[in-house]
Amino acid sequence: MSITQLARTQVQALTPYQSARRIGGQGHIWLNANEAADSGEYQLDCARLNRYPECQPPQVINAYATYAGVDPEQLLVTRGGDEGIELLIRTFCEPGQDNILICTPTYGMYAISAETNGVGILEVPLNDDRQPDFDGIIKQLDQVKLVFLCSPNNPTGDLVNSAGLLRLLNAAKDRALVVVDEAYIEFCPESTQAGLLADYPQLVLIRTLSKAFGLAGIRCGFTLANPEVIGLLLKVIAPYPIPEPVAQIAAQALSEPGLATMRGRVADINALKATLVEQLAASSQVEQVFAANGNYVLVRFTPGTQLFARMSKAGIILRDFASKPGLSDCIRITIGNQAEMDAVLQVLQQEQ
Ligand SMILES: *Cc1c(COP(=O)(O)O)cnc(C)c1O
């Protein structure tokens with residue numbers, strides 16, 4: 001018997017998530033993972049590195065609670081938003097029996113986490129307006145434990161319609177949890193659904209420091225939910241998930257000066273995004289510019305422009321979504337800094 005055959009059947013069959021890092025590429029301008037172009041500066045105090053950290057460092061929980069306008073009991077800090085997604089699946093879904101529901105095309109980790117844990121996946125594709133098909137989802141509610149929505153959706157950029165979400169939340173009462181992934185919400189903070197948490201115990205939000213806070217490297221995310229949900233997740237999470245240096249950096253990022261830095265970065269990115277969108281819309285090589293509510297924009301290029309290859313030749317790494325259903329000729333561009341956006345526009349304007 002080979003070692004591979006000793007592994008769980010589920011794992012043997014698994015294709016790992018094709019993260020931007022794993023796909024890689026040759027280049028010097030990385031616009032494929034929705035990372036920020038800079039991280040900021042942080043101090044580290046190494047005096048307590050001999051001690052195990054707190055499971056839920058209070059300085060991080062309290063600072064994020066203030067920032068997000070929720071109670072500390074409504075919060076869980078995790079190793080990136082991805083761990084929050086995985087914990088929800090491991091806490092609420094019985095392997096080999098339960099399902100999650102996803103609205104494709106969307107973020108890939110919901111399906112990957114379900115698969116690794118032997119949990120089924122029901123797909124209800126986005127409708128022609130790229131909104132969740134709320135009627136279609138509601139029909140399936142007795143078949144699923146968790147419904148994953150993403151707002152702004154990665155990669156299409158659309159915000160979830162609030163009236164539809166309310167209808168879904170009411171239908172999901174005592175049947176399923178509705179998870180709204182707000183990884184990019186800092187780029188359109190007025191669109192958060194956090195205001196609904198108090199009235200809808202079946203609502204869960206996912207947040208992260210990886211995007212607007214520029215801290216993808218520290219792996220720090222948050223789950224916002226009613227205290228009963230948080231209590232269940234706390235039973236499943238590892239005893240020391242948040243390394244001490246991560247807690248220190250996260251607390252600094254969530255301090256008043258840290259939040260001001262983040263808001264400045266968001267304003268810069270949103271301004272660069274507006275310029276890029278304008279130029280893309282004016283280009284004969286572009287067929288469609290999708291809603292740009294995050295720090296990225298999905299673009300459908302005219303067939304035959306081979307934009308991805310031309311960018312790659314110029315050292316610019318983007319994310320190709322052309323093979324996804326409904327996203328033919330679509331490429332996602334992360335909004336980097338001014339020089340990076342200039343490089344993108346230069347390639348776009350080249351003679352073909
Ligand atoms: C980036 C991202 C996350 C979480 O990223 P982490 O780095 O694990 O915090 C979650 N959801 C979406 C849609 C994302 O794009």
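Can you spot a residue in the stretch 231-239 that is away from the ligand (no atom under 16 Å from the Cβ), surrounded by fewer than 19 Cβ atoms within 10 Å (Cβ to Cβ), closer than 27 Å to residue 37 by Cα and of a type in the set (A, V, I, L, M, F, W, C)? Within the stretch 231-239, none of the residues are away from the ligand (no atom under 16 Å from the Cβ), surrounded by fewer than 19 Cβ atoms within 10 Å (Cβ to Cβ), closer than 27 Å to residue 37 by Cα and of a type in the set (A, V, I, L, M, F, W, C). The set of residues from the stretch 65-76 being farther than 22 Å from residue 202 by Cβ and either within 16 Å of the ligand (Cβ to nearest atom) or touching a strand residue (DSSP E or B) at 6+ places or on another chain (Cβ under 9 Å) (or both) comprises just one member, 67.
Of all the listed residues (164, 136), the sole one being away from the ligand (no atom under 16 Å from the Cβ), touching a Pro at 6+ places or on another chain (Cβ under 7 Å) and without any contact (Cβ under 8 Å) to a residue 60 or more places away in the chain is 164. The selection criterion, being touching a residue at least 60 places away in the same chain (Cβ under 8 Å), more than 21 Å from the chain's Cα centre (by Cα) and away from the ligand (no atom under 16 Å from the Cβ), does not hold for residue 94. Looking at 121, 102, just one residue is under 14 Å from the mean Cα position of the chain (by Cα), modelled with pLDDT of 95 or more, of a type in the set (A, V, I, L, M, F, W, C) and within 19 Å of residue 326 (Cβ to Cβ), and that residue is 102. Scanning the stretch 194-205 for residues that are out of contact with any Asp or Glu (no Cβ under 9 Å at 6 or more places or on another chain), within 12 Å of the ligand (Cβ to nearest atom) and touching a residue at least 40 places away in the same chain (Cβ under 8 Å) turns up nothing. Can you name the residue in the stretch 171-190 that is within 14 Å of the ligand (Cβ to nearest atom) and not in a loop (DSSP other than H, G, I, E, B) and, of all such residues, is farthest from residue 233 (Cα to Cα)? Step by step, filter the stretch 171-190, then rank; the result is 187. For residue 61, indicate whether it is away from the ligand (no atom under 16 Å from the Cβ) and either among the small types (Gly, Ala, Ser) or modelled with pLDDT of 95 or more (or both). Considered against the rule, which asks whether it is away from the ligand (no atom under 16 Å from the Cβ) and either among the small types (Gly, Ala, Ser) or modelled with pLDDT of 95 or more (or both), residue 61 comes out as yes.
The values are calculated or read from the model by the stated rules, or taken from the named source; none is laboratory data. As the structure is a computational prediction, the values presented were derived from the model and not from experiment. Ideal geometry is used to build each Cβ from the backbone, glycine not excepted, and the neighbour counts take in all protein chains shown.
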